[in-house]
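Comments concern the structure below.
Laboratory data are not the source of any read-out in this text; all were calculated from the coordinates shown. Since we're looking at a predicted model, the values are computed, not measured. FYI the Cβ positions are ideal-geometry reconstructions off the backbone, even for glycines, and counts take in every protein chain you see.
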């Protein structure tokens, strides 16, 4: 479980997050939605230890992720706007590099790396340099990198945006599998239709605060789309 507690983030006089609370349980998929500038990506950066809050804390299994960010990152997988992959390396070599960063047993990589690339639909391109990959293929590799170390928490920023329909189906399947093993998953997205079939809960962030929350039942009734549209129409500075 990961728990953002009264998180505030200021940039000068501008308040981007304002005392935000967000808890994601084990085996739960939460959608984080909201207009551009609402603070969604900032929150993901804070929860992944890439940025620190001005005030508040983020707890992972009851311990602050900032006590030892390096250790915390071993339990967190991130798919951000950047894929964090290396053009001069092949797909398999990219995974091998990150495998080594996590300090995982070398002898176990070959089978695990190939299985991951199979899982994201890239096994036929495992020996190709990433420089020749399309944006969607890079996104698939980024997803493989994010789940490489079987993290407790997955944080994804607009993960569907670069994928074709088949890629979106692959991602949806992976998210379901990760949830089934108990992973806590937070997805920033504007894709109401796609997230409605996946999320256990949806939170709408406006001006740094959670404005509305939708549980599984209300999402199934179609209330999320209307509620999200109304929040987005309100605008954001």
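Quick notes on this one:
- Helix 135-147 vs. the chain, principal-axis angle (Cα, 0 to 90°, nearest 10): 90
- Between 110, 169, 93, the GNM of the chain built on Cα springs shorter than 10 angstrom shows 110 fluctuating the most.
- By the beta-carbon count within 10 Å of each Cβ, the least crowded to most crowded order of 97, 11, 133, fewest first, is 11, 97, 133.
- The range 122-138 and the range 10-74: distance between their alpha carbon centers, rounded to Å: 31
- Label-reachable residues, the range 142-173, where backbone N falls under 17 Å from a point 7 Å from residue 36's Cα toward its Cβ: 158-159, 161-162
- Seen against the Cα atoms of the chain and their longest principal axis, helix 109-119 is set at about 60 degrees.
- Residue of 70, 206, 58 that the Gaussian network model of the chain assigns the largest fluctuation, springs spanning Cα pairs under 10 Å: 70
- Highest-fluctuation residue, 40, 114, 209 considered, GNM on the chain with Cα pairs under 10 Å: 114
- Shape call, the range 96-237: gyration tensor on alpha carbons, a/c limit 1.5: prolate
- Fewest-first sequence of 98, 214 by Cβ atoms within 10 Å of each Cβ: 98, 214
- Counted over the range 106-237, the DSSP beta bridges are approximately 55% antiparallel.
- Label assignment, mean projected area of the Cα convex hull in nm² derived from the structure, set [x] 14.6; [y] 12.9; [z] 13.8: [y]
- Compared with the dominant principal axis of the Cα atoms in the chain, helix 91-101 is inclined by about 70°.
- Shape call, the range 1-71: gyration tensor on alpha carbons, a/c limit 1.5: oblate
- Rounded, prolate or oblate (a/c below 1.5 giving rounded, otherwise prolate when a/b exceeds b/c) for the range 49-147 by Cα gyration tensor: prolate
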